[in-house]
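First comes the structure, then the notes that go with it.
The values are calculated or read from the model by the stated rules, or taken from the named source; none is laboratory data. The model shown is predicted, which means the values in this text are computed figures rather than measured ones. We place every Cβ from the backbone using ideal geometry, glycine too, and count neighbours over all the protein chains shown. What goes into the accessible areas is simple: the full protein's heavy atoms, side chains included, and nothing from ligands, DNA or RNA. Shrake-Rupley method; radii C 1.70, N 1.55, O 1.52, S 1.80 Å.
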Amino acid sequence: MMPRILVLGSLNLDLVLHVPRMPVEGETLPSTASATLCGGKGANQAVACARMGAAVSMIGRVGDDPAGLMLRTALAEESIELAGVLATPNTASGVAVIFLTPDGQNRIVLVPGANAALSPGDVAAHDAAFADCALLLCQLEAPLETVAAAIERAHAVGKPVLLNPAPARALPSELLARTDYLIPNESEATLLTGIAVTDAASAAEAALKLRGQGAGHVIVTLGAGGILIADRDGCRHMPALPARVVDTTAAGDSFIGGFAAGLVEGLSVDDAARLGLAAARVCISRLGAQAALPYRAELSGLTEMIG
Ligand code: RIB
C-alpha cells in the first residue's frame with residue numbers, strides 16, 4: 001500500500017486578475033483577463049502530492065457556500081480522502097486575490113474565511129489520521145495554534161513533520177524543534193532568521209541558523225536560483241531547470257508535493273528534491289495553482305537533468 005501523506009491546511013478560491021503591471025497606490029488599473037480557480041497552499045500541496053502518486057488525506061475547513069463545494073469537489077477528483085475537510089456553517093470559504101503580471105510574477109492578498117475556523121479541536125477529532133500517515137505536511141494559512149497542535153500530535157505518534165512556513169511569520173522555537181523538514185522561500189527564511197536571503201550563500205547561512213534552532217532538514221527555495229539543502233550531510237545547492245515562465249503561483253506548492261511524495265516513497269532527500277524541482281518546472285509553465293500542478297508521468301526524463 002502506498003504510504004499516506006496527511007495535509008493540514010488551507011483551501012482558497014483563487015480570483016486571478018491578469019494585470020499589465022502591479023497597480024501603484026491610488027491607481028485603478030483595468031485587468032486584461034480574470035479566472036476563478038481552486039487554490040490554497042494546503043489544498044495545492046495535497047493535490048501536488050496526489051498527482052505525484054501519493055495517497056493523501058486532508059484536514060481543513062471550507063465555507064458552506066458554492067466555493068466550498070467547488071474546493072471539496074476538486075480534491076475528491078484527485079482521490080484525496082476528505083473526511084477531515086469540514087464545511088463551516090454561516091462562513092465564506094477562503095479567498096485569495098492574485099495579481100498576475102505578464103512575466104508570470106504575482107502578488108497575493110488573502111481573506112482567510114473558513115480557514116480561520118480550523119481549530120485544535122479539529123486536530124483532536126481526526127486523531128486516527130495521524131496514526132495512519134507516513135508524513136504530516138502543514139503550512140501557515142491555518143491558525144498557528146492549530147498547526148502547532150497537529151505538529152504536536154504527529155510528534156506524539158512518531159510521524160515526521162514537513163512545515164512550509166508560508167505565509168511568513170515568526171515561529172516559536174518549540175515548533176521549529178519538532179520540524180523534520182522545513183521548506184521556506186527566500187522571504188520566509190529572511191523573516192525567520194533576520195539574514196537577508198538573496199542567493200545560495202545567504203540561504204546556506206539562514207538554513208544553518210534554522211538547523212541550530214532544531215529544524216532537521218532545511219530546504220530554502222530560491223525561485224529561478226534553485227534550492228539550498230542543509231542537513232547533517234552538510235549544505236548543497238541544486239539549480240532549477242530552465243523554464244518558460246507563465247505563472248509562478250504554486251511553484252513552491254508543486255516543489256513540496258514532489259518532495260513529500262518522493263520522501264514517503266523512500267527516495268533520498270536529494271532525489272526527492274529533484275522530483276520537486278521537476279514538478280515546479282512544469283507548474284510554472286502553466287496558468288493557475290491546482291490547475292498547473294503536473295502528474296508524475298509528465299516528469300519523465302526531467303529529474304535526470306538536475307545535477
Ligand atoms: O501558494 C499559492 C497559493 O497561495 C494560492 O493558490 C493562494 O490561494 C494562496 O494561498
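Determine which single condition Leu137 fails, assuming it passes every other condition in (1) under 15 Å from Ala260 (Cβ atoms); (2) among the aliphatic types (A, V, I, L, M); (3) surrounded by 21 or more Cβ atoms within 10 Å (Cβ to Cβ); (4) more than 16 Å from the ligand (Cβ to nearest atom).
If we test Leu137 against (1) under 15 Å from Ala260 (Cβ atoms); (2) among the aliphatic types (A, V, I, L, M); (3) surrounded by 21 or more Cβ atoms within 10 Å (Cβ to Cβ); (4) more than 16 Å from the ligand (Cβ to nearest atom), just (4) comes out false.
Quick check on the stretch 1-24: of everything there that is farther than 30 Å from Ala87 by Cβ and more than 16 Å from the ligand (Cβ to nearest atom), which residue is most open to solvent (accessible area, probe 1.4 Å)?
Arg21
Could you check, for the stretch 12-27, whether at least one of its residues is without any contact (Cβ under 8 Å) to a residue 40 or more places away in the chain, closer than 14 Å to Phe99 by Cα and not acidic (Asp, Glu)?
Within the stretch 12-27, one or more residues are without any contact (Cβ under 8 Å) to a residue 40 or more places away in the chain, closer than 14 Å to Phe99 by Cα and not acidic (Asp, Glu).
Please verify whether the stretch 166-173 includes one or more residues that are part of a helix (DSSP H, G or I), open to solvent by 40 Å² or more (accessible area, probe 1.4 Å) and either over 18 Å from Gly39 (Cβ atoms) or within 14 Å of the ligand (Cβ to nearest atom) (or both).
Within the stretch 166-173, one or more residues are part of a helix (DSSP H, G or I), open to solvent by 40 Å² or more (accessible area, probe 1.4 Å) and either over 18 Å from Gly39 (Cβ atoms) or within 14 Å of the ligand (Cβ to nearest atom) (or both).
Determine whether Ala55 is at pLDDT 95 or above, open to solvent by 10 Å² or more (accessible area, probe 1.4 Å) and either within 14 Å of the chain's Cα centre (by Cα) or under 24 Å from Ala148 (Cα atoms) (or both).
Yes.
Does Gly262 qualify as being within 16 Å of the ligand (Cβ to nearest atom), assigned to a helix (DSSP H, G or I) and in contact (Cβ under 8 Å) with a residue 40 or more places away in the chain?
Here the answer is no, as Gly262 does not meet what is asked.
For the stretch 174-200, which residues satisfy the criterion of being among the polar types (S, T, N, Q) and either assigned to a loop (DSSP other than H, G, I, E, B) or surrounded by fewer than 19 Cβ atoms within 10 Å (Cβ to Cβ) (or both)?
Scanning the stretch 174-200 gives Thr179, Ser187, Thr198.
Any idea which of Val95, Val157 is touching a residue at least 12 places away in the same chain (Cβ under 8 Å) and surrounded by 14 or more Cβ atoms within 10 Å (Cβ to Cβ)?
Val95
It is to be established whether one or more residues within the stretch 238-259 are away from the ligand (no atom under 16 Å from the Cβ), open to solvent by 20 Å² or more (accessible area, probe 1.4 Å) and within 17 Å of the chain's Cα centre (by Cα).
no
Which of the numbered conditions does Leu86 fail, given that it passes all the others? Conditions: (1) away from the ligand (no atom under 16 Å from the Cβ); (2) surrounded by 20 or more Cβ atoms within 10 Å (Cβ to Cβ); (3) closer than 30 Å to Ala243 by Cα.
Exception for Leu86: condition (3).
For the stretch 70-79, how many residues meet the condition of being touching a residue at least 12 places away in the same chain (Cβ under 8 Å) and either charged (D, E, K, R) or within 16 Å of the ligand (Cβ to nearest atom) (or both)?
6
Being more than 15 Å from Arg296 (Cα to Cα) and within 16 Å of the ligand (Cβ to nearest atom) is the filter here; which residues of the stretch 45-64 pass it?
Answer for the stretch 45-64, where residues must be more than 15 Å from Arg296 (Cα to Cα) and within 16 Å of the ligand (Cβ to nearest atom): Met58, Gly60, Arg61, Val62, Gly63.
One residue is enough: does the stretch 267-274 have a residue meeting the conditions among the charged types (D, E, K, R), part of a helix (DSSP H, G or I) and farther than 30 Å from Ala170 by Cβ?
There is at least one residue in the stretch 267-274 that is among the charged types (D, E, K, R), part of a helix (DSSP H, G or I) and farther than 30 Å from Ala170 by Cβ.
Exactly one of these conditions fails for Ala206: (1) more than 16 Å from the ligand (Cβ to nearest atom); (2) assigned to a helix (DSSP H, G or I); (3) surrounded by 20 or more Cβ atoms within 10 Å (Cβ to Cβ); (4) in contact (Cβ under 8 Å) with a residue 24 or more places away in the chain. Give me its number.
Unmet for Ala206, out of (1) more than 16 Å from the ligand (Cβ to nearest atom); (2) assigned to a helix (DSSP H, G or I); (3) surrounded by 20 or more Cβ atoms within 10 Å (Cβ to Cβ); (4) in contact (Cβ under 8 Å) with a residue 24 or more places away in the chain: (4).
Which residue is nearest to Gly68 (Cα to Cα), if the candidates are limited to the stretch 90-107 and must be within 11 Å of the ligand (Cβ to nearest atom) and of a type in the set (Val, Ile, Thr)?
Val95
Could you tell me which residue of the stretch 283-306 is nearest to Cys38 (Cα to Cα), considering only residues that are open to solvent by 20 Å² or more (accessible area, probe 1.4 Å) and outside any loop (DSSP other than H, G, I, E, B)?
Checking each candidate, the answer is Ala291.
Would you please name the residue that is most open to solvent (accessible area, probe 1.4 Å), looking only at residues in the stretch 26-42 that are among the small types (Gly, Ala, Ser) and in a loop (DSSP other than H, G, I, E, B)?
Gly26
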